[in-house]
Amino acid sequence: MRNFASPLVVKMRFYSPSKTNKSKNKAHIDYIATRPGVVKEVEPAIDDMIEPDTAIGHVKYAHERPGSHGLFGPNEDTNIMDVKKELGGHNGIVWRMIVSLREDDACRLDMTSRRQWEQKMRASIPDVADKMGIPLSNLRWCAAFHNEPGHPHVHLMIWEKEPKRERGKLSPAERKDVRRMFAKEIYAEERLQLNREKTAERDLIQELIKSDIEQVVNLREDLIEQRTEVNLELRMAGLGRRGIAPVVPVKLGRELLNELKELALIMPAKGRIALKFMPEEVKGPVTALSDWLLSQPGVKIHVQRYLKAHEQLTKMHVLSPEKIEQAKANAYDDLKNRVSQVLLRAASEVKESVIYEHFGDVNRNTPNAFTQAVFSNVFFAIQSEKDKTEAKSISRLRKEGEKKRKKVHRERGI
């Protein structure tokens with residue numbers, strides 16, 4: 001059984017209705033809703049008709065329009081000015097919470113998108129409020145999702161429409177109940193899967209009583225083997241779970257956008273946006289831009305991990321150091337071509353002047369949503385290639401191990 005006690009972190013504080021705290025609460029709304037790293041738009045669903053490899057498909061046009069923000073609440077439409085006005089005149093206690101997961105747990109639970117966090121918050125907060133003694137009819141709340149590498153989290157503010165509760169500090173029992181309500185929703189699917197596995201284990205034990213033990217054990221091993229094979233196939237197809245892309249540094253974002261503008265100027269006016277169809281005067285600059293981006297500090301470490309995984313895979317069937325280095329060079333070229341394709345798509349969007357209309361001024365001291373989307377797509381391309389390479393290594397080791405086992409069985413006459 002997995003331990004559900006450690007990964008989920010819930011921090012809580014309360015603010016009494018003083019004049020100073022009212023101002024702080026309004027400022028906190030601006031902070032959680034507009035700070036760098038906040039996800040300002042629900043990500044496209046799988047069936048949305050938007051190209052997933054494009055920066056605009058990634059941000060759905062809304063991230064940096066004037067007045068845009070990442071605030072959400074019980075309903076789809078949350079007006080930040082209305083919330084600030086309400087909190088500025090609120091004469092009751094306001095509770096602030098941070099609900100956080102480790103990145104590896106968030107990836108495992110598919111909790112790396114604002115869509116998922118919104119759903120979980122809307123499902124759990126009524127129960128959280130109930131444990132705090134706040135009836136649903138008197139509940140007010142808003143939140144914002146920050147997809148922070150290492151610890152994706154939600155900032156949450158809760159208050160009563162008509163102030164009733166006089167004590168802001170939650171008792172140990174209340175704090176425990178609040179955390180349990182969040183955990184109940186966040187881990188719901190995983191708990192369901194674990195319960196299914198427990199039921200399967202129980203059924204197998206019952207079969208052990210009335211059937212041949214060796215046959216049932218073999219059946220159990222086959223089921224585990226099939227599950228592992230399916231997961232490996234998904235990873236080798238590049239369909240493993242995504243991690244969280246790092247935030248693009250503001251300076252790097254500006255440089256990247258300027259380079260994309262230059263690239264847009266030399267791209268053909270018509271034709272398919274694909275590297276292999278580009279004229280040489282475009283291929284050279286875009287691959288050079290890929291080289292530059294892949295060498296940046298925030299990206300280089302992921303490239304090195306990918307090349308290390310490819311080196312380990314190559315060593316399984318190649319002994320020559322020269323051939324191993326050549327294989328790594330080929331792997332880097334393949335990755336560079338994939339990143340070049342991402343950059344070409346981004347440059348085509350620049351060429352159509354879409355970003356000037358929808359994504360605001362890049363000279364501010366905050367990351368630009370367009371360049372963050374390009375940076376994220378590059379990160380996911382590297383991650384996908386690394387994941388596929390690692391899965392191939394595991395699959396090959398498993399196959400070699402199976403061959404050795406079969407050989408031993410044949411020699412022993414089993």
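Of note:
- Cβ crowding within 10 Å averaged over residues, with 394-407, 101-114 ranked highest first: 101-114, 394-407
- Full-stretch length increase - A173, K308 - with 0.36 nm per residue and alpha-carbon distance subtracted: 43.7 nm
- Charge dipole magnitude, Cβ of K and R +1, D and E -1 - the range 241-343, Cα centre, debye nearest 20: 480 debye
- Residue order, fewest to most beta carbons within 10 Å, for M121, M81: M81, M121
- Here the Karplus relation 6.51 cos²θ - 1.76 cosθ + 1.60, evaluated at θ = phi - 60°, turns the backbone of the range 252-269 into coupling constants of 5, x, 5, 4, 4, 5, 4, 5, 5, 4, 5, 5, 4, 5, 9, 6, x, 6 Hz, with x for every Gly and Pro.
- Fully extended contour minus Cα-Cα distance, from I324 to R412, at 0.36 nm per residue: 28.0 nm
- Placing a label point 7 Å from the Cα of E255 along the Cα-to-Cβ direction, the residues of the range 331-345 with a backbone N closer than 20 Å are 336-337, 339-344.
- The length gained by stretching the chain between R102 and R191 to full extension, at 0.36 nm per residue less their Cα-Cα distance, is 30.3 nm.
- Using Cβ point charges alone (K and R +1, D and E -1), the dipole size of the range 250-412 about the Cα centre works out to roughly 1400 debye.
- Between the range 254-315 and the range 146-191, the alpha-carbon center distance in angstrom: 43 Å
- With 10 Å bins from 0: P(r) over the range 250-412, alpha-carbon pairs, percent: 10, 32, 27, 17, 9, 4, 2, 0
- The Cα atoms of the range 96-187 cover 39, 24, 18 Å along the three principal axes, with the biggest extent listed first.
- All lysines inside 16 Å of K22 as judged from Cα atoms, apart from same-chain residues fewer than 8 positions distant: K84, K85, K161
- Residues in the range 286-291 carry Karplus couplings, in order, of 6, 6, 5, 5, 4, 4 Hz; the curve used is 6.51 cos²θ - 1.76 cosθ + 1.60 with θ = phi - 60°, and Gly or Pro positions show x.
- Label-to-label distance for S23 and N138 is 3.0 nm, based on points extended 7 Å past Cα in the beta-carbon direction.
Read the figures in this text as sums done on the coordinates, not as results from a lab. This structure is a prediction, so every number in the text was calculated from the model and none was measured. When we count neighbours, we look across all protein chains shown, and the Cβ atoms used for this are built from the backbone with ideal geometry, even at glycine.
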